[in-house]
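Asker: Quick one: the structure is below, and I'll ask about it shortly.
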Amino acid sequence: MAKDNLTFFTSIAVVFLVTMLICTEAHTETNTVSSTVVTNSTPPTANAPSIINSNSDICKVGVGASVQNNIVGLASGIVIDDELCQKLKLSRSLYAYGMKVAAVSLLCQDPRVFDSMMDSQTPCPSREGIGSDAMTYWENNISEIPDGSKYKTQYTQQIEAREQPIGNNDSIKNFALMALSMLLIL
């Protein structure tokens with residue numbers, strides 16, 4: 001079977017080549033064309049704008065992008081504020097002015113800093129004060145803890161566990177109903 005297919009495809013290939021040679025020979029004898037074609041096949045390029053941060057003290061990040069196809073190109077660039085950088089700079093300024101508690105309080109708005117302060121048994125300053133007063137404040141005002149903090153989740157789970165009743169009273173209810181029904185039958 002495979003040998004039949006091979007001879008079939010070989011004969012088709014030979015017929016195709018002979019036909020091409022005849023057509024090419026006939027075409028070259030009857031037509032002569034002489035022309036020079038100049039094409040510029042280089043596609044246009046969209047370059048993303050460069051966003052220069054000449055001052056490293058600006059707390060901004062530049063982002064540029066471009067898209068190009070054969071017809072049209074688009075390029076754009078924006079500057080994004082770096083909030084963590086701004087908090088660090090503000091905190092340094094507050095510390096330099098002697099406002100150490102305010103500097104730490106500003107950094108504690110970040111959940112990573114909040115968690116590390118709680119892990120080290122030095123809770124972030126609160127409206128109630130510092131130290132144990134702050135610890136009491138954070139435990140009583142869970143909504144004030146920064147989102148993403150593991151302590152916010154932990155305190156919320158502790159409160160939910162306290163609010164849920166211990167044990168299941170369904171078995172007691174079922175026993176009482178069964179005892180009443182037995183009394184009614186007698």
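Asker: Students often check this: by mean Cβ neighbours within 10 Å, which of 173-179, 107-113 ranks highest, and how do the rest follow?
Answerer: Sorting 173-179, 107-113 by mean packing, highest first, produces 107-113, 173-179.
Asker: Sum up the charges of everything whose Cβ sits under 15 Å from the Cβ of ASP57, counting Lys and Arg as +1 and Asp and Glu as -1, but leave ASP57 out.
Answerer: Once positives and negatives cancel, what remains is +2.
Asker: What's the lysine pair count for region 84-163 at a Cα cut-off below 23 Å, pairs eight or more apart or interchain?
Answerer: Total qualifying Lys-Lys pairs in region 84-163 comes to 4.
Asker: Further, regarding this structure: Applying a 10 Å radius around every beta-carbon, put 123-135, 63-75 in order of their mean neighbour count, most first.
Answerer: Ranking, from highest mean packing down: 123-135, 63-75.
Asker: Still on this structure: Net charge within 14 Å of GLU128 by Cβ-Cβ distance, Lys/Arg positive one each and Asp/Glu negative one each, not counting GLU128 itself?
Answerer: Working: positive: ARG127; negative: ASP133, GLU139, GLU144.
Counting the neighbours of GLU128, the net charge comes to -2.
Asker: On to the next question. Would region 73-161 count as rounded, prolate or oblate if I go by the C-alpha gyration tensor, calling it rounded below 1.5 in a/c and otherwise prolate when a/b exceeds b/c, oblate otherwise? All intermediate terms of the calculation are to be shown ahead of the outcome.
Answerer: Values: a/c = 3.37, a/b = 1.46, b/c = 2.31.
Because a/c hits 1.5 or more and a/b fails to exceed b/c, region 73-161 counts as oblate.
Readers should treat all values here as calculations from the given coordinates under stated rules, not as data from a laboratory. Just so it is clear, the structure is predicted and the values come from calculations on it, not from any experiment. FYI the Cβ positions are ideal-geometry reconstructions off the backbone, even for glycines, and counts take in every protein chain you see.
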